[in-house]
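Working notes, beginning with the structure itself.
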Amino acid sequence: MKREKWKRVEAIFNEVAELPREQRAAALLSLASGDQDVIDEVTTLLLAQERSTGFLEEPALGAAFDVSDTGRHEDDLLGTTVSRFTVRSRIAAGGMGTVYRATRTEGGFEQVVAIKVVKRGMDSEEILRRFRLERSALAGLEHPSIARLIDGGALPDGRPYLVMEFVAGVPIDAYCDEHRLGVDERVALFERVCDAVRFAHQNLVVHRDLKPGNILVTREGVPKLLDFGIAKVLSRDAGNAMTIAEERRLTPEYASPEQIAGRPVNTTSDVYALGVILYELLSGGRPYRFETRTAAEIERIVLDQDPPPPSVRVARLDADAAQQIAALRATTAARLIRRLRGDLDTIVMMAMRKEPSRRYGGVEALAGDLARERDLLPVTAQRDTFGYRVSKFLRRHTAGVASAAGLLLIAAVAMGAIISAADRVRRERDEAYLARDQSEAVAGFLEQTLSEADPYLSGPDMKVIDLINAAADRAVAELSDRPLVLAGVRSAIGRAYLGLGRFDEADAQFTAAEEVRGALLPEGHHDVAESMMDRATLYHATGRSAEAEPLIRRALALHERERGAENLDTARALNDLGAVLRGQRKFDEAMEVHTRALAIRRARAADHPLPVAESLNNIAGVQFAKGDLDAAIASLAEAMEIRETRLGPNHALTIQTLQNLAVMYGYAERFGEAVATYKTALERGEEAFGPDHPAQAITARNLAVVYYLTGEYAPAEGLLRRALSIQQSRLDEFDPRRVTTRQYLGLCLSRMGRHAEAVEELQRVFARTAEAPHLARLRPAAGEALATALESWGRDEEAAGVRERLAAEAAAPDGG
């Protein structure tokens, strides 16, 4: 910011800060005379002042660097050496860190870098975690348009730092204005930014704070992406969704609706921010303006208001302002409006759609449409109609078809009107037929498949998995010409695979069904919601509840809109949402949605009793998590009565309820009832699932724990080895369930006096918890178990060494 403007900001801040809070917004608007940059800077200072004086409310979701903290105080890092670099000056400071300019002189050359350090007083565990995350995010990003990570470490006082490439440049919007770049030149520069973001996404990094200030353009015209301070590295086997409910350090003007609402974030959130940046580069203004910058105002505007397209924004300006904007783009206002109207408007607005699923699926799709627009080809963001394709053809071949163009466009418009009218009639008629035909076809296929499982035809040893595999093969062979029916069959087969613990096979079936339904059905269709539910169920079953939640919420919204708030499909979505919320330890939210689901289901219990049992079973899980064991046992007892009556004793759902009831008995220290119930569940489970199902491993391990607690170590060992054998064949060696089973085995062996075997097992567990970050939460218990086993073996010095190591790791700045 220039010195003159900063003086104005400071003067207005001093005047407004003296006013009561309710009068500040109006005074700021008046004093700033509509200058949005001044308004934003003064608002940032006011927010910083409120935070520093203990103000408890959070009036805004985020702000840019706090210039009030830049260069005003003595800095103990100036002139010191960090790593191999001498700190020369402070560049900027924000709510999380301070950025310095530093140099290294060596071998006759000088290297200039930027060093980012956590601010004193801000080095909490959460801030340290963010910095460690930033360091790992940047380490893998080698791209000409991404500021390179050079080094990283910790200062003597424990504060982490990053050494990054120093970028001598200006924000992309200022660069474009200073060089008076035309629309095409701005788009070309923006496409280079897209390439950098695409590269980051391919390396599983989402920026989450893209804005002009984080995109500097060098003197040579090269854009550089900065500040991955709130980037999130995506696990390669965990999909591409993440939640930021706990992370609200963002810039509201460029933050996506899901970020503002604290919902899960993925690569399409960066697509949204890129859309906002492109909007600003083309039209000279941002899509949204905030007067008070309160959380309520920001959420209301970003989540509910639709901004005008870029061309409309320019057209609404007064003549002088529009001409100023156009002049910075080397054109006139009229020409600028014409240039933006059409495909550029459409591309920008698609990137900024509020629903992530309706935006471009990735940055490459956005960049591809910009390239197609430049080449006068149809863009994917535009509805692909006959009239639209004709208009693109005419623009490319104006001279050769000038006379025919008018006739062809008239015909196209007429044809479009006829087709539209016919579509309305046909759609109302065909939707019911489509649903009926699909249902009948799927039922017929499955009935035929089951009939072929007759033991007289297939032999007495045919297993369920063989039947399902045969059904999957037949479906592709016989239903390829009926894609929606095939999708329905695939969905059913996927659920069967899921029930057998065949997660990869289930994933393949669900993916194939999703692709067909997504291509052939409208977004709000019931079957599209069903595919979301299938995918969410798979994620939840494989321990990825955070990824399941947004899918279920979308499906729930579709069911509520299309089928009503009291529909059984709505109740099913609510029930599944409660399960994934419990998986994330959001117990109060889980109980709320489970209670809603149960109320809907009880109202229809006469005709549909089994859904009531499902809700009771899941409510028991929440009651257990909240420590109300008596209520949990009562809920499960009612669920058991319904399921045994309706399904029989050996049904999978009845067995599930038995397993859950046994867990409750164990925690209530009703060990006799727990052992009897677990044994029954194991016997029935072997008949229903087979001996190698993952559910059998869990039941066997849980029964072993009861035996361990009651001092019956021999049967406990046998059950733990059985569970471990199943898990070794079905689960990764770093899966927490497998690691926990091995730890129990080590403890059991120690109690039996088999010290060498026990220590070997527990050392293996302790090593695993150091090798995999997601196992870090298990490390203290694993270390204590190892130390206890060593003491039992008389190796007290080694036990003390393990405990000292744990203490050192706990005291270390990075937790180890």
Length released on extending from residue 178 to residue 763, taking residue separation times 0.36 nm less the Cα-Cα span: 204.3 nm
Cβ crowding within 10 Å averaged over residues, with 720-730, 550-560 ranked highest first: 550-560, 720-730
Per-pair calculated FRET efficiency, R0 = 30 Å: residue 473 and residue 734 via Cβ, rounded to 0.05: 0.35
Cα centroid separation, segment 148-192 to segment 704-728 (Å): 57 Å
Two-site label geometry, residue 692 and residue 557: point separation in nm, points 7 Å out along Cα→Cβ: 4.3 nm
Computed lengthening from residue 220 to residue 673, 0.36 nm per intervening residue step minus Cα-Cα distance: 155.5 nm
Mean Cα-pair separation over length for segment 689-785, i.e. relative contact order, pairs under 8 Å, 6 or more apart, %: 21 percent
Cα-projected label distance for residue 355 with residue 151, points at 7 Å along beta-carbon direction, nm: 5.1 nm
Label-point separation, residue 595 to residue 812 (7 Å along Cα→Cβ), nm: 4.5 nm
Residue 154 long-range amide H proximity, modeled H, under 5 Å: 161
Förster radius 30 Å - calculated FRET efficiency between residue 721 and residue 641 (Cβ-Cβ, nearest 0.05): 0.30
Solvent-accessible ranking of 778, 581, largest area first, probe 1.4 Å: 778, 581
Cα gyration tensor, segment 483-572 - rounded (a/c under 1.5), prolate or oblate: oblate
Placed amide H near residue 146: partners under 5 Å, 5+ positions off or other chain: 225
Amide hydrogen neighbours beyond the local backbone of residue 690, cut-off 5 Å, H modeled: none
Rounded accessible area of residue 594 (nearest 10 Å², 1.4 Å probe): 0 Å²
Label point 7 Å beyond Cα of residue 261 along Cβ direction - residues of segment 521-563 with amide nitrogen under 14 Å: 549-561
Listed peptides 309-322, 158-171 by packing density, highest first (mean Cβ within 10 Å): 158-171, 309-322
Cα gyration tensor category, rounded, prolate or oblate, for segment 678-816 with a/c compared to 1.5: oblate
Karplus-derived 3J(HN,Hα), 6.51/-1.76/1.60, for each residue of segment 164-171, Hz, glycine and proline x: 10, 3, 7, 10, 8, x, 10, x
Difference of contour (0.36 nm per residue) and Cα-Cα distance, residue 792 to residue 112: 239.0 nm
Cα centroid separation, segment 604-649 to segment 204-224 (Å): 54 Å
In order through segment 508-518: 3J(HN,Hα) via Karplus (6.51 cos²θ - 1.76 cosθ + 1.60), integer Hz, x for Gly, Pro: 4, 5, 4, 5, 4, 5, 4, 4, 5, 5, x
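The values are calculated or read from the model by the stated rules, or taken from the named source; none is laboratory data. Note that the structure is predicted; figures quoted are calculated from it, not measured. Backbone-built Cβ (ideal geometry, glycine too); neighbour counts: all protein chains shown. Areas reflect the complete protein model, heavy atoms only, side chains present, ligands, DNA and RNA absent. Shrake-Rupley method; radii C 1.70, N 1.55, O 1.52, S 1.80 Å.
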